[in-house]
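A short worksheet on the structure shown next.
The values are calculated or read from the model by the stated rules, or taken from the named source; none is laboratory data. Keep in mind the model is a prediction, meaning the values are calculated, not measured. We place every Cβ from the backbone using ideal geometry, glycine too, and count neighbours over all the protein chains shown.
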Amino acid sequence: MPIQILPATEPLDFIGQKLDIFQMKITALIHDCSQDGETGFAATCVEFPEANGQGETEGECLEDLRQAVEAVLTFRREEALRSLGEGERLTALSA
């Protein structure tokens, strides 16, 4: 079930460039925890397996997952910035 990362309310400052977070479709694997005798939902992202979400409702779970994916992307960008070598630069593009 694809979910979308929607644009932030304010432009993202990406390497000195102000830009809106582009929309990205990702795939969420949703688990209904009632099947295990629990309550709520849990989700992982196929494209970013380190991102997980949970919530009492499916909507809360997907919002939590969306925030986790945003955190992963922010972390990776920051790490990439720290590791730039001489003559290297990052640029933003939409997919």
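For the reader, a short list of remarks on this structure follows.
- Residue tally, condition basic (Lys, Arg) and either outside any helix (DSSP H, G or I) or crowded, with 17+ Cβ neighbours inside 10 Å (or both), over the range 62-77: 1
- Cβ pairs under 8 Å, 6+ apart, first in the range 40-61 and buried (at least 18 other Cβ atoms within 10 Å of the Cβ), second part of a loop (DSSP other than H, G, I, E, B) and of a type in the set (D, E, K, R): PHE41/GLU56
- GLY87, sole failed condition from (1) surrounded by 11 or more Cβ atoms within 10 Å (Cβ to Cβ); (2) modelled with pLDDT under 95; (3) assigned to a loop (DSSP other than H, G, I, E, B): (1)
- The listed residues are ALA51, ALA68, ALA42, and the only one of them that is among the hydrophobic types (A, V, I, L, M, F, W, C), touching a His at 6+ places or on another chain (Cβ under 6 Å) and at pLDDT 90 or above turns out to be ALA42.
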